[in-house]
1. Please calculate how many Å² of accessible area region 11-140 carries per residue, with a 1.4 Å probe and no DNA, RNA or ligand atoms counted.
2. Step through the table entries 6/47; 21/116; 21/133; 18/103; 12/80; 21/103, compare each Cα-Cα distance with 27 Å, and write down the pairs that go over it.
3. At 222 nm, what value in deg cm²/dmol follows for the chain if DSSP H runs of at least 4 each add -39500 (n - 2.57) and the sum is divided by all its residues, to the nearest 500?
4. Going by a ≥ b ≥ c, the root eigenvalues of the Cα gyration tensor, does region 1-48 fall in the rounded group (a/c under 1.5), the prolate group (a/b larger than b/c) or the oblate group?
5. Taking a label point 7 Å from the Cα of residue 59 along the Cα→Cβ vector, which residues of region 95-128 have an amide N closer than 20 Å to it?
6. Computing the accessible area with a 1.4 Å probe over protein heavy atoms, can you report the carbon and sulfur percentage for the chain?
7. I want to check the label-to-label distance for residue 38 and residue 139. Put each point 7 Å from Cα in the C-beta direction and report it in nm to one decimal.
8. Calculate, axis by axis, the spread of Cα positions in region 1-113 along the three principal axes, and write the results as whole Å, longest axis first.
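The values are calculated or read from the model by the stated rules, or taken from the named source; none is laboratory data. Worth saying up front: this structure is predicted, and the values here are computed from it rather than measured. So basically every Cβ, Gly included, is an ideal-geometry build from the backbone, and we count neighbours across all protein chains shown. Accessible surface is based on the protein model in full, side chains and every heavy atom, while ligands, DNA and RNA are left aside. Shrake-Rupley method; radii C 1.70, N 1.55, O 1.52, S 1.80 Å.
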Amino acid sequence: MDTETKRSIIMKHYSNPKNRKYPEEEGYQKVNTANSSCVDNLDIYVKIEEGKIKDITFMGEACAISISSTSIMIENLIGKTIKEALEYIQEFEGMVEGQNYNKELLGDANAYYDIKSQGHRKTCALLPYIGMKQVLEKEE
């Protein structure tokens, strides 16, 4: 993926993030994920029914990397089983940490491929995944 494509994906998800809203009904689990070294502070709301992620929304303040990463994560996880979502998260974490990963599985999240060389930005990209993983592991 070239630099311009990566930038375009990140800015699209930052400017118009998927599901940036409070949940409109009951039944969501809330997890807060924050970065103590910056302004990033997100509340993620997850609705799981019959072992599948029915919906995810979020609210909060964060940088472009955290907001766009959250939006892409949401887009990729809604409709997945808990197991599928945990596999996706594992692949994303592997990519960000510079390990082998499944490019096909990650879709737009591949825009963060080279973030592994920017230690402080890795935390921004991983922030929503840390919160999601907490919720999913509790449900597993």
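1. Value for region 11-140: 52 Å² per residue.
2. As for pairs spanning more than 27 Å Cα to Cα, those are 6/47; 21/116; 21/103.
3. Theoretical 222 nm ellipticity from helices: -15500 deg cm²/dmol.
4. Oblate, since a/c reaches 1.5 and b/c is not below a/b.
5. 128
6. 42 percent
7. Placing both labels 7 Å along Cα→Cβ, they lie 2.7 nm apart.
8. 42, 30, 25
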